[in-house]
Amino acid sequence: MRILIVDDEPLARTLLREHVCALPDTEVIGEAANGFEAVRLTEELAPDLLLLDVQMPRLSGLEVAELLGDRSPAIVFVTAHDQYAVQAFAVQAIDYLLKPVEFSRLAQSLQRATARRANPREPRDMTALAAAARPPGQSLERVLIREETKIHVLPVHTHDYIEAQDDYVEFVAGGKRYRKQQTLAQLEAQLSATQFVRVHRSFIVNVERITRVEPYAKDSWRIFLGGGAHVPLSRTGYTRLKKLLV
């Protein structure tokens, strides 16, 4: 089994490497000190298993799993905290190990990983992955978007609006567009209901970016945003927006 170790703490990586090397039929093919390295090395080296820390600067282990999506190998999360256990199993993790990792527990996890390889895994639920990266009850604060080899980490408050495009949504911020495979309904459920409102079947608007609302046609309006952009406002959307602004 080819294993990639991901942890921002050098001592934690060293301990895991020693444990793995003491087990038969295993090989550490690389180490990553942060989430961005983890994504890059996973795609370059194609490991069978990630030993993945949950809490890391810039990108958490759960966000790494979200970015990898269906391309992700099997995952065993490793962390000093136990509050993410439910989220870890929600994203189909094989196991959840607490630091300092005991040799016997790691051996059990690798046995489970070996057994999992014999059975096809179900596709990863990207909505569940995104939700698992946040504490329960907390609205979405940033969006992770991949563009070829680039990873964009976009705070949601910077978005002017979000537009549905078939099976994708486009986040529009400062005149730039970023595309992500997700439905508008899924995204709406994750956003703050006091900051974002669905004003049309294809549009969600950041209320803080609204500069004015003008009539456009019978039972429809247009919302103008900072920077000159405008989006349609339906009758249902008008009702939602009015309730939010009153």
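Summary of values
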| quantity | calculated |
| --- | --- |
| Answer from LEU51, LEU62 - the residue that is at pLDDT 85 or above, of a type in the set (A, V, I, L, M) and farther than 18 Å from LEU16 by Cβ | LEU62 |
| Condition check for ALA33: closer than 21 Å to GLU18 by Cα, within 15 Å of the chain's Cα centre (by Cα) and at pLDDT 90 or above | no |
| 1 or more residues surrounded by 13 or more Cβ atoms within 10 Å (Cβ to Cβ), of a type in the set (Gly, Ala, Ser) and in contact with a helix residue (DSSP H, G or I) (Cβ under 7 Å, 6 or more places away or on another chain): qualifying strands (runs of 3 or more DSSP E) within region 143-224 | 161-165, 168-173 |
| Which numbered condition LEU45 fails, given (1) more than 13 Å from GLU9 (Cβ to Cβ); (2) modelled with pLDDT under 95 | (2) |
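Residues checked against (1) without any contact (Cβ under 8 Å) to a residue 40 or more places away in the chain; (2) farther than 10 Å from TYR161 by Cβ:
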residue	(1), (2)
ARG201	yes, yes
ILE204	no, no
ARG212	yes, yes
LYS218	yes, yes
ARG222	yes, yes
LEU233	yes, yes
THR236	yes, yes
LEU241	no, yes
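The values are calculated or read from the model by the stated rules, or taken from the named source; none is laboratory data. Owing to the predicted nature of the structure, the values given are computational and were not obtained by experimental measurement. Reconstructed Cβ throughout: ideal geometry from the backbone, glycine too, with neighbour counts over all protein chains shown.
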